[in-house]
Every structure is written in C-alpha cells, then in structure tokens.
There are 2 protein chains.
Amino acid sequence: MSTKQDDELAQERLVDLAAEFYDQFAAGEVPHMDIPTRTKSNIVFDEDSNVWVYGDRTSTRTANSVRGARKLLKASYTIEFLVNQLEEDRSSTLRELYYLSESWDNEEAQFKSQDESNQLVEDLEIVSEVTREDFHMRPEESGATLMGPLELREQTRRGEREIHCQKDVGEGGYQIPNNPDTIDFLDHDIDFVLCVETGGMRDRLVENGFDDEYNCLVVHLKGQPARATRRITKRLHDELDLPVVVFTDGDPWSYRIYGSVAYGSIKSAHLSEYLATPEARFVGIQPEDIVEYDLPTDPLADSDINALESELEDPRFQRDYWTEQIELQLDLEKKAEQQALAARGLDFVTETYLPERLSSMGVL
Amino acid sequence: MSTKQDDELAQERLVDLAAEFYDQFAAGEVPHMDIPTRTKSNIVFDEDSNVWVYGDRTSTRTANSVRGARKLLKASYTIEFLVNQLEEDRSSTLRELYYLSESWDNEEAQFKSQDESNQLVEDLEIVSEVTREDFHMRPEESGATLMGPLELREQTRRGEREIHCQKDVGEGGYQIPNNPDTIDFLDHDIDFVLCVETGGMRDRLVENGFDDEYNCLVVHLKGQPARATRRITKRLHDELDLPVVVFTDGDPWSYRIYGSVAYGSIKSAHLSEYLATPEARFVGIQPEDIVEYDLPTDPLADSDINALESELEDPRFQRDYWTEQIELQLDLEKKAEQQALAARGLDFVTETYLPERLSSMGVL
C-alpha cells in the first residue's frame, strides 16, 4: 500500500537529489546527474531478481552547457513541484506537469514539449529509485479490469472499499485503479492468474464462466498493458504465490505484450523489479498451435517478419522455447489471432484449448 | 433492459428477413435486400427525434450476380447463427463470427475478411431495425467508466448486482458493461452528466471531488466513445431527464467526439435514435476559451485545418455556434488540450473553468 511512509521516503529521495546539486555547487563542481544508458545494449539479466535491468553504462546530464544547465534547472523545479504534491497528498498526470510548468516564475525552467517533461520524470524515477506512482504521478490512461474469486480492499480518497471481483462487480469486472499499491488482498480462491490480450476473448472467458469453473482470475491486458495492470499482476504472483499465464494473439506484437508482463520493457528496465513477473508463462497462441489446432491464419506482413527477426536478437527472448517458436513461425509465414479459436466453436477455447494447454504446462 | 421479449423480437425480425428471400424465390423474383445508402449526402435531420438519420436513397443487394448471390447466402447463414445464439442466450463478438464462419458447411457462405462480416452485421442491423446488441453481438472493446451519485442494478449472467457508482466502486469507477441495456437505474442524486474525453481529466475531476461537490455523474469517454458509453449517456438523459454536457480537448477531432455523442455518426446513422443525445451540449475546450483563459496551445497542423474545414461542411455542425467557433479557430490557427487548464493550477478546472462555463450555460 502507498502509505504515509512511502510518501515521506519519496520526498526524502527527491530532496536528496536537489541537495546533491547544491553540494556539487558548494564544492565548486559543475552540477551533474548520472543516469543509466537506456538502450538494448545496456540491459543485463539480474540473476537475483530474474529480470532484465540496466547495466553499468551511464550518461551524464551536466550543467557545463546552457542546454545542460537548463535541464538541471527544470529538474530542480520539478522536484519542488513533486515534493509539494506529496506534502499536500495530491496527484497529477505527466501532461498536467507539462502545462503546469507554464506557471513557474522562471521561464527557462518551463518545458518546451511534453516529451521533455516525460523524459525528465523518467530520469528522476531512475535516479531516485522511486517509482512515478510514488511521486503521485498518474498515467494518462488507466489499467484494465479483473474478474475472478478475489476479495480486496482499496484505499480511496473517500475511504476504504471492500470489493469481491465476482460478487460485487458487473460483467465489466473490477476496474484497476491507477496506483494498485492502494490495494490489499483480503481473501481469494484463485488457482492461477490468466492475463488476456483482447477484450473479445476476455468477454468470452467470462461469458463461458471460465473464471468460476477453474478458479482463475481473468486480468484483461487491453493490448500492451498499462503499468497498473503489470504491477497488480506482479503483486498477485508475489504476494499470493499464484502462477501467472499470459494468453495473447499469435504474432510478434503479442509476444512483446507477453515480454512486457514477464521481462519488463527496455524503456523501463529500471522498473522491472517493480513491474515484471519473470515467472509468467505464455499459454498461447503459440506458432505450433497454428499447426496443431489447424487455426485460420493471416500471412505474415513484412513488418511482422522484421519484428520476429528482431525478437530473435532480443536478449529477453533468448530461450530455447522462443527461438523454436519464432523460427517455426518464420517457416510457416503465418500468424493467428486468439479469437481464431472460434473457428472450432465458441466453447473450444474454454473446453479444449485452455484446459489442454494448461494441463500440459502443469498449471491445471 | 434486454429481456426475453427483446430476444424474441430480434429473432422474429431476423427470421422475417430470411423468409423474405424465401418468398421472393417462391414468387419467381430474384432475391434481394434494400439498404439505405450510407454516405454524408444521404443523412437527413429528423425533426421528431432531433437526430440525423438516413434519407430515402437506397442501395440494393441482389442475387442477380454470383457475387450478389453469395452475399445473400452469407446473410442467410449469419441469420441462422444469430437466431441460434439468441435461442441459447449466448453472445459473441464480430471477430468470432468471422472465424466461426469457417466451420459452416457451405464454403461459399464463409467470410473472406472481417470487413465483410462486419459490414453484413451492420446491414442486418439496418434492415431489421434491431441493434447489434439485441443480436447479442458484443463489441471488441468495452465502454468506459462512471463515477457519481448513481445507484444501479445490472443484470449479469450470474445474477443481479446492485452497485452505487461512488460507494461501491474503487477510484477506477464503475465499468460500463458491453450492453448497458442490462442496467436499471434505481436511485440517484445527479444534477447533470459530464462526459469527459481524457483519462487524465477524468482522474482530475474525481481527485478534486467534482462529482461529489456538484452532484454530477462523470462519464469517461476514453477518446471516441464506444457504443455502450453513448447508449448509457442517452439513457441517463432520456430516462432520468438529466442535462448532458461534453468536455473535450479543443481540436477538430474532439468536436467529432462531441458530435458522435450528440448527433450520431454517419457510419451508424441508423442507430442515432438509440445512441445519440441531441440535447447534449459542448462545455469546451471551445476556441474562444483559448483567448479568454489564455491557454497554452499548439499550432494547427494541416490535417487539423482540413478537418475543421470539413466540419464546416458537415450537416451535423450547421449551427451558428459551431460555425463561429470553427471559424474563430481557423483564424487563431491554434488548438488546446483540456489538460492545458493546468497551466492555471491543478484546481483551476474544478474551481473556475467548469463552474463559470456551466453557470453561463445555465446548467449550474
């Protein structure tokens, strides 16, 4: 849970950063900030946490040019804003921060573009080791929904809410809040967590009562999952010791969705330990299912082929399983959507495909 | 509410359509189906319902070519599928229908692309005058969320759920189900309905307690609103007699979002009476606000200018208000996002902008 202590820690870390600039000034140094280089070549596998994190290479933001000095000035103003925000127990979006900077008294500190303010907040996240959520920065778009035998308590600004994610919600399910660390898990009857890419398939599973019959919690990923969705998935795995499986379309973009749940993303490798669930397993659609279940397919586009080839090079996909599947798919020259299972009837996915796959994976 | 009677009516209408083909055959005619022409030039304003609907021009799908005959064959198979689906009280997505056609015994009846099956279902909607929801066809993506003093009862496959959209939900709000006609409004304390384009602004209003202070129901549109979101907005207006206002960014794409809530879309003018809320009013960001509130702006791109010019020609925007605002914006050559109000502070939108605008509109 996001507590008063978390807020105080975040404030402290931010103030420390600003103090560092001050100390550098005082010591006669040019103020600077070291930040890990954020490229594919600088992510390394961390054996302890089992996720990909940034390596040792760093870039330096320094005030030895007007441009660099302006960056550190903006960082100082942003730190002040964030510290005040935490003090007042408020929150804001990245976009609001960008616009809000127009009201700052020093014109040099104002952001010229939203990219600039987004980038700065990410830098602060990395350097302070405090997540954006703990700065009370909200994402623009919210997480998705949960449906399954889980009872939780959410700490809202209007008091606590106790919600059972089957009995107290409509067919749309429970809407994950922007910061899922405001949730406590109270009780559950979940055997495994099933993350689903598309809304159509999520609705199919709920209509067919799959969550009820198999005691599973259906997490709708809604395409590339929001941070809130990845965070709650990780917490369900870590705190409730639940297996997590990911069910997507069978194409390279969907493997990336799986990758972002399981391994974290290159852009936010500093958050892997907070967001990634390395134990999450891929339940499909896998390229071999296209053959085995004789699914309707579409031909691979050039962009699909390029994406698959780039995945073969991606450190996160360097496992025998993925090499085999991706090479098979490049041979087949085909891809399939998860809803293609409907070619075998509307119940095929819940009566045959998932039970077979989950049994062979040892989840059922 | 979607009742057994609705299902029976939908079945009846569908069977009638198939029976018509049969009768045409029996009478020695070439079977055919007449469908309103769906272009901007064939939408007319209906004075009774106050919305734009299709005019008198029709196109004919006829079996006098192999291609035409195949279309009617597909229609017959689809009708059979939908009738069975209604009988079994199941539902499916448009995408599932496309894939499912692979299992049909007549290969000529199978769809060659998803566009084809989507188009056919729309045709059936128009000709039968039954909405897709009443065929139990689910959209791929769900509606958005509600937050405010509304108590409702949702009829789910697992029984009834009574939910208060402030007291029984987390900060994410109540997730609108795919078919909001399964909802009954039980009780409320709402003075007006406020539809909001972006998640960031929706969260701002909720964080600032705007729904609570002004007794308003915040409906998140999530960009171009899903049918479920437009439908529930219309029902709130019609059944609870509530004013509806729409709060979006100040650019031509956002005026289209307003337009789709208020006037319906050209592509689905047959649904205007079901989905559109002609009494919905635009609360901003209006081009004159850019001047009046001195908002941070971006320059209009060429695509923005083209879109504004096309709106000046659009029959749905032929009102003095819109002509003035659009011409002003073309003069200013600027656009502004709703979150740009944050340049005046995080509370400006709830303490100044919305109260001022809503008062001047007579809503407050």
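Out of the residues in segment A:172-184 that are over 30 Å from B:R138 (Cα atoms) and at pLDDT below 95, state the one that is nearest to the other protein chains (Cβ to nearest Cβ).
A:T182
For segment B:142-162, give me each residue that is touching a strand residue (DSSP E or B) at 6+ places or on another chain (Cβ under 6 Å) and closer than 25 Å to A:L221 by Cβ.
B:A144, B:T145, B:L146, B:M147, B:E154, B:R161
Pick from A:E171, A:E116: which is surrounded by fewer than 19 Cβ atoms within 10 Å (Cβ to Cβ) and not polar (S, T, N, Q)?
A:E116
Hey, can you tell me all the residues within segment B:174-190 that are open to solvent by 50 Å² or more (accessible area, probe 1.4 Å) and under 27 Å from B:Q5 (Cα atoms)?
Within segment B:174-190, B:L186, B:D187 qualify.
Pick from A:S268, A:S272: which is in contact (Cβ under 8 Å) with a residue 60 or more places away in the chain, over 24 Å from B:R95 (Cβ atoms) and open to solvent by less than 10 Å² (accessible area, probe 1.4 Å)?
One residue alone meets the criteria, A:S272.
Name, by its number, the condition in (1) within 24 Å of A:G159 (Cα to Cα); (2) at pLDDT 95 or above; (3) open to solvent by less than 10 Å² (accessible area, probe 1.4 Å) that does not hold for B:V245.
Among (1) within 24 Å of A:G159 (Cα to Cα); (2) at pLDDT 95 or above; (3) open to solvent by less than 10 Å² (accessible area, probe 1.4 Å), the lone unmet condition for B:V245 is (1).
Would you tally the residues in segment B:340-364 being closer than 30 Å to B:V44 by Cα and either within 14 Å of another protein chain (Cβ to nearest Cβ) or surrounded by 13 or more Cβ atoms within 10 Å (Cβ to Cβ) (or both)?
Residues flagged as closer than 30 Å to B:V44 by Cα and either within 14 Å of another protein chain (Cβ to nearest Cβ) or surrounded by 13 or more Cβ atoms within 10 Å (Cβ to Cβ) (or both) within segment B:340-364 amount to 2.
Considering only segment A:19-41, state which residues are over 30 Å from A:Q318 (Cβ atoms) and of a type in the set (V, I, T).
Of everything in segment A:19-41, just one residue is over 30 Å from A:Q318 (Cβ atoms) and of a type in the set (V, I, T), namely A:V30.
For B:Q155, state whether it is surrounded by fewer than 21 Cβ atoms within 10 Å (Cβ to Cβ), within 10 Å of chain A (Cβ to nearest Cβ) and within 24 Å of the chain's Cα centre (by Cα).
Considered against the rule, which asks whether it is surrounded by fewer than 21 Cβ atoms within 10 Å (Cβ to Cβ), within 10 Å of chain A (Cβ to nearest Cβ) and within 24 Å of the chain's Cα centre (by Cα), B:Q155 comes out as yes.
Of everything in segment A:185-226, what is away from chain B (no Cβ under 13 Å) and within 12 Å of the chain's Cα centre (by Cα)? Give them in sequence order.
A:Q224, A:P225
I'm told B:I305 meets every condition in (1) open to solvent by 40 Å² or more (accessible area, probe 1.4 Å); (2) at pLDDT below 95 except one. Can you identify the failing condition by its number?
Status for B:I305: all satisfied but (2).
May I ask you to list the residues in segment B:239-261 that are acidic (D, E) and either within 16 Å of B:S272 (Cβ to Cβ) or without any contact (Cβ under 8 Å) to a residue 24 or more places away in the chain (or both)?
Correct list: B:D241 only.
At negative phi and free of Cβ contacts under 8 Å to residues at least 60 places away in the same chain: does that describe B:F81?
It is true that B:F81 is at negative phi and free of Cβ contacts under 8 Å to residues at least 60 places away in the same chain.
Considering only segment A:6-104, give the strands (runs of 3 or more DSSP E) lying wholly within it that have at least 1 residues that are surrounded by fewer than 19 Cβ atoms within 10 Å (Cβ to Cβ) and of a type in the set (A, V, I, L, M).
Output list reads A:32-36, A:43-46.
I'd like the full set of residues that are away from chain A (no Cβ under 14 Å) and not in a helix (DSSP H, G or I), limited to segment B:301-339.
B:A301, B:D314, B:Q318, B:R319, B:E333, B:K334
Between a residue in segment A:90-119 that is more than 11 Å from chain B (Cβ to nearest Cβ) and any residue that is open to solvent by less than 30 Å² (accessible area, probe 1.4 Å) and outside any helix (DSSP H, G or I), which pairs come within a Cβ distance under 9 Å, given they are 6 or more apart or on different chains?
A:S117/A:F111
All but one of (1) in contact with a Gly (Cβ under 9 Å, 6 or more places away or on another chain); (2) in a helix (DSSP H, G or I); (3) under 24 Å from A:G173 (Cβ atoms) hold for A:L236, so report the exception by its number.
Exception for A:L236: condition (1).
Are any of the residues in segment B:138-145 more than 10 Å from chain A (Cβ to nearest Cβ), buried (at least 20 other Cβ atoms within 10 Å of the Cβ), of a type in the set (S, T, Y) and in a loop (DSSP other than H, G, I, E, B)?
There is no residue in segment B:138-145 that is more than 10 Å from chain A (Cβ to nearest Cβ), buried (at least 20 other Cβ atoms within 10 Å of the Cβ), of a type in the set (S, T, Y) and in a loop (DSSP other than H, G, I, E, B).
Conditions: (1) within 14 Å of chain A (Cβ to nearest Cβ); (2) open to solvent by 40 Å² or more (accessible area, probe 1.4 Å); (3) on the phi < 0 side of the Ramachandran plot. B:I285 meets all but one. Number of the miss?
Evaluating B:I285 over (1) within 14 Å of chain A (Cβ to nearest Cβ); (2) open to solvent by 40 Å² or more (accessible area, probe 1.4 Å); (3) on the phi < 0 side of the Ramachandran plot leaves (2) as the failure.
The values are calculated or read from the model by the stated rules, or taken from the named source; none is laboratory data. Being a predicted model, the structure only gives us computed values, none of them experimental. Methodologically, a virtual Cβ is constructed for each residue, glycine included, from the backbone with ideal geometry; neighbour enumeration extends over all protein chains shown. Heads up: the accessible areas ignore ligands, DNA and RNA and are worked out on the full protein's heavy atoms, side chains in. Shrake-Rupley method; radii C 1.70, N 1.55, O 1.52, S 1.80 Å.
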